[in-house]
Amino acid sequence: MKLHTLLENLETKLADTEIIGVTDDTRALKKDMVFVCIKGANYDGHDAAAAMLEQGAVLVVTERPLGLGDREITVPNTRRTYGDLCAAWYGHPERKLQIVGVTGTNGKTTTATLIKEMLRKTGRRVGLIGTVQYEIGDEILPSPNTTPLTDAYFALLAKMVKANIETVVMEVSSFGLEQYRIGPTRFAAAIFTNLTQDHLDVHGTMENYYLAKRMLFDRCDYAIVNGNDDYGKRLYQEITCEKSTYGIRQHAADSFDAMADAITLGTEGTKFTLRLHGETLPMSMRMTGMFNVSNAVAAIAVGRRIGVPMETMNELLLHYTGVRGRCEVIPTALDFTVICDYAHTPDALEKTLASLRECTVGRLIAVFGCGGNRDAAKRPKMAAAAANHADFIMITSDNPRDEDPLAIMQDILEGLADYNVPYQTEPDRAEAIYLAMKQAKTGDVVLLAGKGHEDYQIIAGGVHLHMDERELVADAAKRVFLEKM
């Protein structure tokens with residue numbers, strides 16, 4: 001490719017030079033590539049610019065003049081430019097796909113997966129980019145990041161185009177937006193699910209977190225916004241694209257374009273009345289939990305927008321059991337229920353437990369921990385969220401990373417100071433699950449929160465240890481069964 005083709009709107013005297021690629025990674029640089037200097041949290045690519053030219057880079061793209069002559073182009077934002085360059089290098093695959101984005105703190109994975117399944121049911125070739133995995137039709141790929149890094153993102157889209165994918169449904173993270181990983185991607189539709197405390201270790205404030213999420217709605221043709229969420233109400237007022245609201249009727253005055261009403265929750269499923277742009281439809285679905293009703297309504301709203309027949313969406317909800325690790329019932333053959341959910345924020349834990357409370361006959365037992373090297377301020381809030389609904393709390397380890405699990409648990413315990421809820425601490429998550437199940441009785445529900453789809457635990461040094469809660473539950477169930485004989 002000629003350099004002028006890659007740079008498009010940027011001018012250089014080297015326009016006719018042949019190049020073989022573009023990168024922001026010093027380790028990936030090869031002769032005749034363009035190197036983009038990006039300043040990160042721990043490393044500034046500008047410091048390596050001269051060395052990259054010496055190693056064969058044709059050109060460096062910088063945010064400040066480095067005195068490198070014709071082999072340097074200075075731009076206002078190298079992250080944004082890198083996104084544009086990667087899009088151009090891969091032939092602008094984002095222009096050849098219908099792309100639907102889902103952003104928010106909670107509910108992204110379930111909502112995105114529901115939309116993907118609805119589209120597949122119509123016979124469309126669909127791609128998925130998200131937290132659990134990436135999908136190119138029937139091909140499953142691992143997901144190292146909810147929103148891939150810039151080069152990986154456009155490489156993935158290009159692969160989808162080659163595989164004749166028509167529509168891509170993707171979870172769009174605040175990191176992905178703030179770091180311009182998605183380049184010039186335009187979205188046919190975008191959903192805002194909610195905004196609650198998370199990632200403040202990176203964003204600093206909720207305002208910054210919100211502003212990062214809002215970036216998605218500067219690049220979409222149609223926005224579908226959660227009218228139950230305070231940040232959703234604000235977003236709806238601030239965005240200028242075509243838009244609609246969705247939500248759950250919580251008050252008589254609530255009126256959303258897509259709304260669930262008269263909701264009945266059960267461990268075997270949910271019934272509700274859907275009010276959709278003037279129509280009233282009875283709905284049933286296999287998934288349970290009030291939050292899943294909200295996710296389903298969001299998926300229906302976007303499905304309606306992009307041409308999925310109502311009968312198709314209704315049929316899917318009747319049989320779809322949900323996403324792995326999202327309110328997933330783990331079978332045990334015992335007389336109580338064990339549910340695994342990814343809830344790892346105070347709001348998500350609160351909503352999950354509140355929904356389970358409505359369909360729990362006996363006691364509600366919560367097992368959870370908090371991740372290390374992450375927003376420590378939410379740890380006591382997680383405890384308070386659990387105390388508001390659980391009858392018993394088992395505090396354990398999540399992904400401690402480089403922190404002491406006992407210190408993390410101590411932070412969590414501070415949130416229980418004003419509550420009189422019985423609790424126990426056990427840093428070994430496998431043992432904690434066993435102890436929780438050991439005390440469960442007929443009709444109880446044991447919620448394992450925080451890990452969800454993950455089949456590993458991250459400890460010091462970034463080491464990933466195998467840990468699948470389905471296996472831990474199976475082992476614990478055997479122990480409990482034998483003890484009760």
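The values are calculated or read from the model by the stated rules, or taken from the named source; none is laboratory data. Since the structure is predicted, the reported quantities are computational estimates derived from the model, not experimental observations. Don't worry about glycine lacking a Cβ; one is built from the backbone with ideal geometry, like all the others, and counts go over all protein chains shown. These area figures cover heavy atoms from the full protein model, side chains too; ligands, DNA and RNA do not enter into them. Shrake-Rupley method; radii C 1.70, N 1.55, O 1.52, S 1.80 Å.
Taking 7 Å steps out from each Cα toward its Cβ at residue 208 and residue 230 produces label points 2.0 nm apart. Measuring nothing but how far apart in sequence close Cα pairs (under 8 Å, 6+ apart) lie, relative to its length, segment 130-192 scores a relative contact order of 34 percent. Database remark: amide H of residue 245 closer than 5 angstrom to the amide H of 225, 257, 258 (H placed geometrically; neighbours at sequence offset of 5 or more, or on other chains; Pro and chain starts carry no H). For the pair residue 47 and residue 175, a Förster radius of 22 Å applied to the C-beta separation gives a FRET efficiency near 0.45, rounded to the nearest 0.05. Summary of packing: across the peptides 408-414, 1-7, 26-32, the per-residue average of other C-beta atoms within 10 Å ranks them, highest first, as 408-414, 1-7, 26-32. Ranked by the mean number of other Cβ atoms within 10 Å per residue, highest first, peptides 226-234, 9-17, 312-320 order as 226-234, 312-320, 9-17. For the chain, the share of DSSP beta bridges that are antiparallel, to the nearest 5, is 35%. The stretch between residue 463 and residue 237, if pulled fully straight at 0.36 nm per residue, gains 76.9 nm over its current Cα-Cα span. With protein chains left intact and a 1.4 Å probe, residues in segment 107-182 average 34 Å² of accessible area per residue. Straight-line reach from residue 351: taking Cα to Cα under 27 Å and skipping same-chain neighbours fewer than 8 places apart, the lysines in range are 108, 116, 213, 233, 243, 271, 378, 381, 438, 441, 451. Where in segment 280-303 does the amide nitrogen come within less than 11 Å of the point 7 Å from the Cα of residue 122, taken along Cα to Cβ? Of the residues in segment 280-303, 302-303 have backbone N under 11 Å from the label point off residue 122. Here the accessible area is traced with a 1.4 Å probe on the protein chains. For the chain, carbon and sulfur cover 49 percent of it. For residue 314, put the label point 7 Å out on the Cα→Cβ axis and report which residues of segment 263-292 keep their amide N under 17 Å from it. Counting backbone N atoms under 17 Å from the label point, the list is 270-286.
Between residue 421 and residue 5, the modelled labels are 6.0 nm apart [label points 7 Å from Cα along Cα→Cβ].
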